[in-house]
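The values are calculated or read from the model by the stated rules, or taken from the named source; none is laboratory data. Because the structure is a prediction, the values reported are computed rather than measured. Cβ: placed from backbone, ideal geometry, glycine included. Neighbour counts: every protein chain shown. Surface areas here come from the heavy atoms of the whole protein model, side chains and all, with no ligands, DNA or RNA. Shrake-Rupley method; radii C 1.70, N 1.55, O 1.52, S 1.80 Å.
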Amino acid sequence: MGKFVVVGGGIAGVTCAEQVSKILEEFDVEEQPSTMLESRFPNIKVIESGVKQLKSKEHCIFTEDGSQLVYEKLCLCAGAKPKLICEGNPYVLGIRDTDSAQEFQKQLTKAKRIMIIGNGGIALELVYEIEGCEVIWAIKDKAIGNTFFDAGAAAFLTSKLISEKPEAKIPPKRSKYTTEGMKKEARTKAKADNVGSALGPDWHEGLDLKGTKEFSHKVHIETMCEVKKIYLQEEFRLLKKNSLTFPTDLHSESVTTDNETWPVYVELTNEKLYGCDFIVSATGVTPNTEPFLHGNNFDLGEDGGLKVDDHMHTSLPDIYAAGDICTASWQPSPVWQQMRLWTQARQMGWYAAKCMAAASLGDYIDMDFSFELFAHVTKFFNSKVVLLGKYNAQGLGSDHELMLRCTKGQEYIKVVMQNGHMMGAVLIGETDLEETFENLILNQMDLSPYGEDLLDPNIDIEDYFD
């Protein structure tokens, strides 16, 4: 069989396959395939089946359709599974892949009110994109987007959430990623509980996220709370409890009982209880390692991912891993950290392919430059968001200072400084500072002499440091 096998059809697996296929003559890609790969790269063979068992000592993989694949090098890119707040409840929906996103759109067309649990990227995108449906958003933190922002940036974005949406959406200054629908016959082959590839940065493009009502968006945020209990309609009726109406006045202390009947009810740890049509669980993911652990002695990270070294190699011979399934266990650059993001999965898949090919040829390659500096560009609430380095002062303790510049409704700029050196930055809006700040973080120039002039809007620092 093929020399190299890649398991996983997400961005890490596809990138790995594309990169390594330029070097090798025969190649296998497994699980959640795209036939586009076969047409673009004749030396790639796509197999649509999940992995049943990995026998690492025999260098062999068994698939659910009965195939047996012997590999010289193997790269595991099976992604991660959503952490659902409640397994098996028909009214709890996790959004992780294109199938679950389409199921969400279908459910939303019939909904008057939904509850979103979680404070990560998907939750942030959902609460802004949904129209014509009341949204109650429960987060365990004091402010929205705790993974990405501090309280100041959260306040800047919250003002955009409660204001009317602009007609025009900001076009991304990068390649657009879209999905090409698989044939229905192919979809039915997959088991219902199979996890597809993670959603890319443009996942809600092409989805009509509208509920039954005519208003634009209506969002209420419940902070510092989690789900205490979920009741189905009949269970709730027997308990004779009261649920709350959708809050319209944030400053009012009065509580109004909801007389409407809902399919499901959610009791929060702050003792508030709301009815809704369904619940979206957006509370993060766990590495999808389960199919590969039986009989194999992988070293696992604290988060359950497969530990990989600085060449994406796991603890077992000839097995590599990339994307959400792995945990980076090398000594990282002072301004890089692993986050289970689509952009990082792509970088890891590309680098893993280079490492596999080099090892196969007996060569050694240096670590890729993309791991020198953490950099992530995304869009929240129709605002461009750029995160660089230790953007939230991760791991710096109290030994740092922050510099801020904020123009209400236009831009929010935060710079993390340590001993006169820039360690990270958050840029929201069209600031045009990302390239300059990226270079200043990488070259670790002493910026002490510039002080607060660094963020003076009257000084064109892009030209100054060019």
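Checking each residue of the range 392-403 against the condition of being buried (at least 19 other Cβ atoms within 10 Å of the Cβ) and either under 30 Å from G8 (Cα atoms) or more than 22 Å from the chain's Cα centre (by Cα) (or both) gives no match. Of the numbered criteria (1) acidic (D, E); (2) out of contact with any Ser or Thr (no Cβ under 8 Å at 6 or more places or on another chain); (3) under 24 Å from L387 (Cα atoms), the one D363 fails is (3).
With respect to the conditions (1) out of contact with any Asp or Glu (no Cβ under 6 Å at 6 or more places or on another chain); (2) modelled with pLDDT under 95; (3) open to solvent by less than 60 Å² (accessible area, probe 1.4 Å); (4) not basic (K, R), G424 falls short on a single one, namely (2). In this structure, E30 does not satisfy being modelled with pLDDT of 90 or more and under 23 Å from H294 (Cβ atoms).
The single residue among G145, G152 that is outside any loop (DSSP other than H, G, I, E, B) and either over 16 Å from E226 (Cβ atoms) or open to solvent by 10 Å² or more (accessible area, probe 1.4 Å) (or both) turns out to be G152. When the range 336-367 is filtered for residues that are within 20 Å of the chain's Cα centre (by Cα) and over 24 Å from Y71 (Cβ atoms), the ones remaining, listed by number, are W336, Q337, Q338, M339, R340, L341, W342, T343, Q344. Checking each residue of the range 87-108 against the condition of being at pLDDT 90 or above, part of a loop (DSSP other than H, G, I, E, B), open to solvent by less than 50 Å² (accessible area, probe 1.4 Å) and among the aliphatic types (A, V, I, L, M) gives no match.
When S383, S448 are screened for being farther than 22 Å from A151 by Cα and not aromatic (F, W, Y), only S448 passes.
When D432, D453, D446 are checked against the criterion of being over 16 Å from L373 (Cβ atoms), outside any loop (DSSP other than H, G, I, E, B) and either open to solvent by 70 Å² or more (accessible area, probe 1.4 Å) or out of contact with any strand residue (DSSP E or B) (no Cβ under 7 Å at 6 or more places or on another chain) (or both), a single residue qualifies: D453.
How many of the residues making up the range 309-361 are assigned to a loop (DSSP other than H, G, I, E, B) and over 25 Å from N297 (Cα atoms)? Of the residues in that region, 7 qualify. The number of residues in the range 109-120 that are touching a strand residue (DSSP E or B) at 6+ places or on another chain (Cβ under 8 Å) and open to solvent by 20 Å² or more (accessible area, probe 1.4 Å) comes to 2.
Scanning the range 295-308 for residues that are part of a strand (DSSP E or B) and open to solvent by 20 Å² or more (accessible area, probe 1.4 Å), we see that the one that is nearest to A393 (Cα to Cα) is K307.
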